[in-house]
Amino acid sequence: MRVREFFDVYRGYRIPRFKLIEHRNWWFTFSGILIVLSLVGITVRGFNYSIDFEGGAQISYPLHTGATVQDIEATLATYGLTGAVQVVSGDSVAIRTQSLTGRPDSTKILNDLASQAGISSTDINVEDIGPTWGSEISKKAVRGLILVLIAITLYIAFRFEWTMAAGAMIALVHDVTITAGVYALTGRVVTPETVIAILTILGFSLYDTVVIYDKVKENTESAALLARMGYTKVVDLSLNQTVMRSVNTSLVVLLPILSLLLFGGETLKNFAFAMFVGVAIGAYSSIFIAAPALVILKSRQMAKRAPQRVQGRPGAQRPRPARVPAADGAQVAVASDAAASGATARQASRQGGSRSRPRPGQKRRPPAKRKRR
C-alpha cells in the first residue's frame, strides 16, 4: 500500500480490503497465548492488593523540609515497611503502608518521620484501614457488574440477535481476563481505582463492538449483497468499513490516558494503567475477536437449520420446494433429488417431443388424399 493510499484509508476516503475474517485463526491463536499467560499469572503470582483490600495504615502530615519521596521510603524501609508514598504540592505527605497497631517500634517510626519532616510527632495523623472496606467495594462492584452484563446481553439480543450478544460477551471475558493477567504479571498494586477502571473498560469495549455489529446488521439486511458475497464476506466488508473508525476512536482515548500514566500522581497512574491496557485490548477484541466469533456462531446456527437430504424412492410423492435459510443467511429454494430429476425429464420431453423418432415396428401412415369437388 502506498503512502497516499494509506492516508486515504486512514482518513476514511477509501475502504480498505483487509482479510480480517479469513485470518481469524491467527487472531484466536494470539489471544489464546495471552489468555494462557494471564491465567498462569493469576494462579501462580496472584494479585498485589493495596491496603484498601488487605488493611493497613494511612499516615499524613505536613512537610517543612526538602525531604523527597525516596528519603521517606528509605526511612520506612529501615523498619521493614513498604507502601505508597506521595508528596502533595511539596508541603504535605501521604503514606499508605502496613498497619502500625501492635508494633513496639511504632512510636520510634513516627518520631523519625517527624524529625525528617521538621515537625512534631503529634502533627502526624495515623488512620488504620481495615480490609473489610475494600472487600465491600469489590463485592458491590462484582454484583453490579453481573447485573450490568445481564442487562447488556438482553439488550444486544433484543436489538440485534442472540449470536451477536454471545460474541460481545466472549469479547468482554477476553478483555477482563487479559487485563487482570497483566496486573498479576507486572505486580502492580490493585486498588479500588483499578476496579473502577475495569468497569469503565467494559463500557468502552461494548461501545466499539455494538458499532461494528450495527454495520453488520445494516449490510446483512440486503438480500442482494448476501446472495452475491455470502455472510462471511459481508461481515468482512462491514469490518473494513468500520475498522478505521474504531482505530481513531481508540487513539483519541489512549492519548490522554497515556499522559496521565506518564505525568499523573500515584493514584492516577494506577487508574490510568488499567484504563490504557483495557482500552487497547478492548479495541483489539472488538475487531479481531467479536466479529470472527459472530461468524462462527452464525455458521453453526445456519448449519443446524439447513435440512438434510432425503433419498428419493420410486413411486414416492415429489415434495414441493421449500424456502429455508442457507448457510450464508440468504433465502434459497431447496428441492429434493427426485424433484430435480423429474424436472429434467419434463424439460427433455418438451424439447424433443415433436421430433421424436417412431418406435421400431411402427409404420408411418400415408398422408390423406384430398377429395376433388
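The values are calculated or read from the model by the stated rules, or taken from the named source; none is laboratory data. The shown structure was predicted, so the numbers you read here are calculated from the model rather than taken from an experiment. Neighbour counts run over all protein chains shown; Cβ positions are idealised from the backbone, glycine included. The accessibility values were calculated without ligands, DNA or RNA, using every heavy atom of the protein model including side chains. Shrake-Rupley method; radii C 1.70, N 1.55, O 1.52, S 1.80 Å.
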(message) Restricting to the stretch 56-75, and then to whatever is without any contact (Cβ under 8 Å) to a residue 24 or more places away in the chain and touching a strand residue (DSSP E or B) at 6+ places or on another chain (Cβ under 8 Å), can you tell me which residue is least open to solvent (accessible area, probe 1.4 Å)?
(response) 69
(request) Kindly list the number of the only condition in (1) surrounded by fewer than 19 Cβ atoms within 10 Å (Cβ to Cβ); (2) under 19 Å from residue 160 (Cα atoms); (3) in contact with an Asp or Glu (Cβ under 9 Å, 6 or more places away or on another chain) that fails for residue 226. (result) (1)
(message) Can you tell me how many residues within the stretch 160-193 are over 13 Å from residue 42 (Cα atoms), among the β-branched types (Val, Ile, Thr) and open to solvent by 40 Å² or more (accessible area, probe 1.4 Å)?
(response) 3
(request) Find all pairs meeting these conditions: Cβ atoms under 8 angstrom apart; at least six residues apart or on different chains; first residue within the stretch 36-55 and closer than 15 Å to residue 81 by Cα; second residue open to solvent by 70 Å² or more (accessible area, probe 1.4 Å). (result) 50/96; 51/96; 51/98; 55/128
(request) Look at residue 259 and say whether it is surrounded by fewer than 21 Cβ atoms within 10 Å (Cβ to Cβ) and in a helix (DSSP H, G or I). (result) yes
(message) Out of everything in the stretch 262-283 that is free of Cβ contacts under 8 Å to residues at least 40 places away in the same chain and either under 18 Å from residue 236 (Cα atoms) or of a type in the set (Phe, Trp, Tyr) (or both), what residue ends up being surrounded by the fewest Cβ atoms within 10 Å (Cβ to Cβ)?
(response) 263
(request) Could you check, for the stretch 116-125, whether at least one of its residues is closer than 29 Å to residue 66 by Cβ, touching a residue at least 40 places away in the same chain (Cβ under 8 Å) and of a type in the set (Gly, Ala, Ser)? (result) yes
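Just to check your reading of the model, which residue among 67, 84, 74 is part of a helix (DSSP H, G or I) and either under 30 Å from residue 171 (Cα atoms) or of a type outside the set (Asp, Glu) (or both)? Walk me through how you get there before you give the answer.
Working: 67 fails: part of a helix (DSSP H, G or I); 84 fails: part of a helix (DSSP H, G or I).
Exactly one of 67, 84, 74 is part of a helix (DSSP H, G or I) and either under 30 Å from residue 171 (Cα atoms) or of a type outside the set (Asp, Glu) (or both), namely 74.
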(request) Go through the residues of the stretch 134-148 one by one and say whether even a single one is over 32 Å from the mean Cα position of the chain (by Cα) and open to solvent by less than 60 Å² (accessible area, probe 1.4 Å). (result) no
(message) Condition first: assigned to a helix (DSSP H, G or I), surrounded by fewer than 16 Cβ atoms within 10 Å (Cβ to Cβ), among the β-branched types (Val, Ile, Thr) and out of contact with any Cys (no Cβ under 6 Å at 6 or more places or on another chain). Can you find one or more residues in the stretch 242-250 that meet it?
(response) yes
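Each row is one residue, and each column tells you yes or no for (1) part of a helix (DSSP H, G or I); (2) free of Cβ contacts under 8 Å to residues at least 40 places away in the same chain; (3) closer than 27 Å to residue 251 by Cα.
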position: 138; (1), (2), (3): yes, no, no
position: 147; (1), (2), (3): yes, yes, no
position: 155; (1), (2), (3): yes, yes, no
position: 163; (1), (2), (3): yes, no, no
position: 175; (1), (2), (3): yes, no, yes
position: 179; (1), (2), (3): yes, no, yes
position: 199; (1), (2), (3): yes, no, yes
position: 209; (1), (2), (3): yes, no, yes
position: 216; (1), (2), (3): yes, no, yes
(request) Could you tell me which of the residues 50, 38 is in contact with a Gly (Cβ under 6 Å, 6 or more places away or on another chain), surrounded by 13 or more Cβ atoms within 10 Å (Cβ to Cβ) and of a type in the set (Ser, Thr, Tyr)? (result) 38
(request) Restrict the check to the stretch 13-27 and report whether at least one residue is of a type in the set (Val, Ile, Thr) and modelled with pLDDT of 85 or more. (result) yes
(request) Test each condition in (1) surrounded by fewer than 19 Cβ atoms within 10 Å (Cβ to Cβ); (2) farther than 21 Å from residue 14 by Cβ for residue 231 and report the one that comes out false. (result) (1)
